[in-house]
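K.L.:
First the structure, then my questions, so here it is.
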Amino acid sequence: MDALGDLVGGLGDALTPQNLLFALLGVLLGTAVGVLPGIGPAMTVALLLPVTYVLEPTSAFIMFAGIYYGGMYGGSTTSILLNTPGESSSIMTALEGNKMAKAGRGAAALATAALGSFVAGTIATLLLALVAPTVVDLAIGITAADYFAIAVLAFVAVATVLGASPLRGLASLGIGLYLGLVGTDVLTGQERFTLGVPQLSDGIDVVVVAVALFAVGEALYVASRLRRGPVQVMGASGSWFTREDLRRSWKPWLRGTAFGFPFGALPAGGAEIPTFLSYATERKLSKHPEQFGKGAIEGVAGPEAANNAAAAGVLVPLLTLGIPTSATAAIILAAFQGYGIQTGPTLLTTESPLVWTLIASLLIGNFMLLVLNLPLVGLWVKLLRIPRPYLYAGILMFASLGSYAVNADPLDLVLLLVIGLLGFFMRRYGWPVAPAVIGLILGPIAETNLRRALAISGGDLGVLVESWVSRIVLGLVLLALVGPIVLRLVRGPRSTPEELQQEGTLQHRVPAGRGRGDDEEEEEDR
Amino acid sequence: MSTAQGLPPDAAPEPTPPGEQPGRNTGELVMAGLLAALGLYLVLDAGSIAVPGSSNQVGPRFFPYLVGGVVLATGIALGVRVWRGDQGPADESEDVDPTAGTSWQAVAIISVAFLAHALLINVVGWPLAVTLMFATVAWALGARGIVRPLIAGGIAAVVVWIVFVKALNVALPGGTLLEWATDWF
């Protein structure tokens, strides 16, 4: 078990007092920012990036590991305790956890979320450590054309499979690809689409775009339709996590992990599908189906575990191939590039100590979250009560800090506002913003590999389908593009999770004769 | 439908009357039009990218043509879909009231405040510029009074500046007064 030896080595590096302090700081900052309403994990990582600028890479990535898991955990706390819906990957936790909190079981909901995150995070991080070297061994032989095909698959998956509207996902992706083109071409040194502005010849900084789309765009969008009136935060009160709760939670945790990790690890990764699947499964298997929709603990435990396992799974393509499949992963990749670290299949060999320390820090951060978060819940509740005008003013303050600190150039802030306004309109019309961030960071990588492949073949496009890897991957691309269109023709538009719940089509063992919707949950056991 | 006829691609989206469900076709149609225009620009402008002599391999124009083509096609297809009445799900967030009308005023005030602070940073320093931006944004979002947002923003900006500049060595202009006052650090 070579991987385990490396992991133990990484643990040794991460367990110095100084590095533990960075991990602790990362976990605390990540959770505190992630708890704030309106701030998802991607925005948490983007906003906290400047904190790590001054650190050397190892410390920075140890802190990043803490921020990453802390941000994920903070998000679920928000959705349980705040009486309003949040982002889609935590919507399942929100549905049941929120109801539990209303019924005075807030403490139990938070506990099952925290324990489930810990169990799922630990298992999934260990899986990451075991799988990564194998994937690298497979990936070392792939050609530039294969690499291009995988990038295309990631584009298509992120743009069309994950969102509600494939065309809007493609639109967002196109914007990101365009922003990635601006600057100097790396292979020939020619300027492209810089409009003669000298600052643009270095390209548009990923941090600026991510902060603009997530933080500024979000602040503007919330400002345009702010929920007025007092903030309703539910108390984390009620009976503590009981033996009965544990009995009902542990299987959903494991099943959620089993859903989350593989989905996260696929180039079509993301947390939404596995959380959704986990919720549907728990509902089917539960002995208390009548509680679903009214605060079933399985409905918090399963999706929350799936969410966290997917977050670890996303790191598989990121660390082994250099392919980001979520907005958060794109920002982490940008951080690698910021340190001049070459990502891709060689990362695990060239930067072996750094990567294994990062993975070990994920385990440590995960454990810290478990120990810290339940005692600190009172603090998180206070953070949720921050008056919204100050909260969003503060988000803009940190957006300004992060973007100005990159180059100390006010032009970056003007760019931040312009792209932020773009993000505002995108949100307004339901264009997902994550594909734009992924397009921006993955576009240049895809282009380099495409041109490398075509240079080797002398311009013959046939090289793109020469190997079996690229044929299979491009086949999947085709499937991802055509599949949804066919499905829509057959079944009508896809329902959102809320609609499914309201229509009751996710019901467990529907009594015979009761009408059911024509939806994706047709399979009945037996 | 008829109101969207012959819309120039660069027109600003029409303000939505309060109370009406946002996401009416017009605004997104403009977005789709702009996207198609961006695709066209990419395709046209890619032709003017200089290609260095050794042209036996794929040069810097190929990928822009590809991206431009995809963007153009997506813009047109989306435009057609929106024209037919297709609507995307507006973004969800904890603090968004889905039934509220759009407050263009708040968006405009915040944009102007942010632009002003960007231009002021190198003149009066980051803390002061951010304090003014913070207070304006908080005021636009309904914070009570003028003094409290100013004080809150001022304290936050100075604390953040001290932490990042003095402890983390991030380069941020502090303004004459603050830099002089914290010189002894």
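K.L.:
Nearest 100 Å² is fine: what is the total accessible surface buried where chains A and B meet, probe 1.4 Å?
P.N.:
7200
K.L.:
Check residue A:191: other-chain or 5+ apart residues with amide H under 5 Å from its amide H, H built from backbone geometry?
P.N.:
A:185
K.L.:
At 0.36 nm per residue, minus the direct Cα-Cα distance, what do residue A:250 and residue A:411 gain on full extension? Give it in nm, one decimal, please.
P.N.:
Stretched fully, the residue A:250-residue A:411 segment lengthens by 52.8 nm.
K.L.:
Once R0 is set to 51 Å, what does the formula 1/(1 + (r/R0)^6) return for the Cβ-Cβ distance between residue B:108 and residue A:18, expressed as a FRET efficiency to the nearest 0.05?
P.N.:
After rounding to 0.05, the efficiency reads 0.60.
K.L.:
Other chains' Cβ within 10 Å of A:174-184 residues: what's the mean?
P.N.:
The mean count of partner-chain Cβ atoms within 10 Å per residue comes to 4.
K.L.:
At what distance in nm do the modelled label points of residue B:45 and residue A:478 sit from each other, each positioned 7 Å from its Cα along Cα→Cβ?
P.N.:
It is 3.5 nm.
K.L.:
Also, I was wondering about something else. Need one value: the accessible area of residue B:62 in square angstrom, 1.4 angstrom probe, rounded to the nearest 10.
P.N.:
Surface open to solvent at residue B:62 totals about 70 Å².
K.L.:
Another question, if that's okay. Can you grab the distance from the C-alpha centre of the range A:327-396 to the C-alpha centre of the range B:64-117, Å, no decimals?
P.N.:
First find each Cα centre; the distance between them is then 29 Å.
K.L.:
Applying the Karplus parametrisation 6.51 cos²θ - 1.76 cosθ + 1.60 with θ = phi - 60° to the phi angles of the range A:312-319, what ³J(HN,Hα) value in whole Hz is obtained for each residue in order, glycine and proline being reported as x?
P.N.:
Residue by residue, the range A:312-319 yields 6, x, 4, 6, 5, x, 5, 7 Hz.
K.L.:
Work out from phi, with θ = phi - 60° and the Karplus expression 6.51 cos²θ - 1.76 cosθ + 1.60, the ³J(HN,Hα) of each residue of the range A:176-187, listed in order in whole Hz, and give x for Gly and Pro.
P.N.:
x, 4, 4, 4, x, 6, 4, x, 9, 5, 5, 7
K.L.:
Then there is this: What's the angle, to the nearest 10 degrees (0 to 90), between helix A:327-338's Cα axis and the longest principal axis of chain A?
P.N.:
40
K.L.:
For chain A, calculate the relative contact order in percent as a whole number, restricting contacts to Cα pairs under 8 Å that are 6 or more residues apart.
P.N.:
Relative contact order for chain A comes out at 26 percent.
K.L.:
Express in whole angstrom the spacing between the alpha-carbon centres of the range B:124-170 and the range A:103-143.
P.N.:
39
K.L.:
Report the gain in length on full extension from residue A:382 to residue A:102: 0.36 nm times residue separation, minus Cα-Cα distance, nm rounded to one decimal.
P.N.:
99.0 nm
K.L.:
Here is a follow-up. How far apart, in nm, are the 7 Å Cα→Cβ label points at residue A:485 and residue A:190?
P.N.:
3.2
K.L.:
Next question, about the same structure. With a probe of 1.4 Å, find how much accessible area the protein assembly as shown has per residue, and write the answer as a whole number in Å².
P.N.:
Per residue, the protein assembly as shown has an accessible area of 40 Å².
K.L.:
Determine the shape class of the range A:2-503: with a ≥ b ≥ c the square roots of the Cα gyration tensor eigenvalues, call it rounded for a/c under 1.5, and otherwise prolate if a/b is greater than b/c, oblate otherwise.
P.N.:
Verdict is rounded for the range A:2-503.
K.L.:
A further question follows. Per residue of the range A:407-420, in order, report the coupling 6.51 cos²θ - 1.76 cosθ + 1.60 (Karplus, θ = phi - 60°) as ³J(HN,Hα) in whole Hz, putting x for Gly and Pro.
P.N.:
Listing the rounded values in order: 10, 6, 10, x, 4, 4, 6, 5, 4, 4, 5, 4, 5, x Hz.
The values are calculated or read from the model by the stated rules, or taken from the named source; none is laboratory data. Fair warning: this is a prediction, and the values are worked out from it, not measured in the lab. Note that each Cβ is placed from the backbone with ideal geometry, even for glycine, and that neighbours are counted across all protein chains shown. All accessible areas refer to the heavy atoms of the entire protein, side chains included, with ligands and DNA or RNA removed. Shrake-Rupley method; radii C 1.70, N 1.55, O 1.52, S 1.80 Å.
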